[in-house]
1. Select from the stretch 146-192 the residues that are within 15 Å of the chain's Cα centre (by Cα) and of a type in the set (Asp, Glu) and list them in ascending order.
2. Where in the stretch 1-96 are there helices (runs of 4 or more DSSP H), lying wholly inside it, with at least 3 residues that are farther than 25 Å from GLY191 by Cβ and charged (D, E, K, R)?
3. Of all residues in the stretch 179-216, how many are more than 26 Å from HIS58 (Cα to Cα) and touching a residue at least 40 places away in the same chain (Cβ under 8 Å)?
4. Take the conditions surrounded by fewer than 14 Cβ atoms within 10 Å (Cβ to Cβ), among the β-branched types (Val, Ile, Thr) and either in contact with a helix residue (DSSP H, G or I) (Cβ under 8 Å, 6 or more places away or on another chain) or farther than 27 Å from TYR207 by Cα (or both) and apply them to VAL97. Does it pass?
5. Hey, among the residues in the stretch 127-171 that are in contact with a Leu (Cβ under 7 Å, 6 or more places away or on another chain) and part of a loop (DSSP other than H, G, I, E, B), which one's surrounded by the most Cβ atoms within 10 Å (Cβ to Cβ)?
6. Could you grab me the full set of residues in the stretch 127-141 that are touching a residue at least 24 places away in the same chain (Cβ under 8 Å) and either more than 21 Å from GLY33 (Cα to Cα) or outside the structural domain of ILE173 (by TED's automatic domain parsing) (or both)?
7. Can you find, within the stretch 203-261, the residue that is surrounded by the most Cβ atoms within 10 Å (Cβ to Cβ) among those that are aliphatic (A, V, I, L, M) and outside any helix (DSSP H, G or I)?
8. Name every residue in the stretch 58-72 that is in contact (Cβ under 8 Å) with a residue 40 or more places away in the chain, out of contact with any Lys or Arg (no Cβ under 9 Å at 6 or more places or on another chain) and surrounded by fewer than 17 Cβ atoms within 10 Å (Cβ to Cβ), in order of residue number.
Amino acid sequence: MHTEKVTQYIVSWLKDYALNANMNGFVVGVSGGIDSGVTSTLCAMTGLQTLCVEMPIHQAASQVGRAQEHIAKLKERFDNVSDARVDLTPVFEGFKVQVPDTSLETEELSLANTRARLRMTTLYYFAGLHRYLVAGTGNKVEDFGVGFFTKYGDGGVDLSPIADLMKSEVYEIGRFIKVPESILNAVPTDGLFGDSRSDEDQIGASYDELEWAMHMQDAGKEPSDFNGREKEVYEIYLRLNRINQHKMNPIPVCEIPREFK
């Protein structure tokens, strides 16, 4: 990958999109992870107003620390960067009080997705105040490979600057644009469960393995073409790719036959 050229292309794309849409800049949720670190920096590099929003919900101290370090360094580097902190923990706890308490196995995941949707709502609040675009932080593996994002949560955005980049390419750009080492070295996690589980813990495969699986899918390979760990990873990838198509495809519309109208 031509890292410098790709970086410049994304920055120009972001700036052109915002100016053509007559918007003033961008708002980005900063979590302390590589994707939001890269996205917020690319937005800042446009020269347009870039608001970095930290939105903890029972967040681990390490994640909070990385997010705050990144935002502080961005503000030192770019005078068009501002920040806001919205503690959504009491909002989340208030929501839990209002909904029925269940013993369903799906409750934990449903509440995790609720965290992401509360954050989306918060970002659009700021976007509406300032005429900003909500910049998505999803990469290609998550957005178009395994669907590892929350529908109408972190998937609810105005534009996706890094969604055509593999996770390894996001890291490459992160190093080039000087994202803090603490973020580059951190274990990837969505931080939605209030514990230490990583993305790999949830998915069952690393991002390097998932990238390999995406390439194998593009090559038309079948699980029977592999053995051992490769077969296991490919089956994980294909299963997630299949069941999460509802996230990746446009919302289905019931088109009424012309003769019925």
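The values are calculated or read from the model by the stated rules, or taken from the named source; none is laboratory data. Since the structure is predicted, the reported quantities are computational estimates derived from the model, not experimental observations. In this analysis, Cβ positions are derived from the backbone assuming ideal geometry, glycine residues included, and neighbour counts consider all displayed protein chains.
1. Result: ASP154, ASP158, ASP164, GLU169, ASP190.
2. Ranges flagged: 3-20.
3. Going through the stretch 179-216 one residue at a time, the tally reaches 5.
4. Answer is yes for this residue.
5. ASN139
6. Listed by number, the residues that qualify are ALA127, HIS130, ARG131, TYR132.
7. Here is the first cut: in the stretch 203-261, the ones aliphatic (A, V, I, L, M) are 203, 205, 210, 213-214, 216, 219, 233, 236, 238, 240, 243, 248, 251, 253, 256.
Narrowing further to those that are outside any helix (DSSP H, G or I): 205, 219, 251, 253, 256.
Working: ALA205: 22, ALA219: 8, ILE251: 6, VAL253: 6, ILE256: 8.
Here the answer is ALA205.
8. Listed by number, the residues that qualify are ALA60, SER62, GLY65, GLU69.
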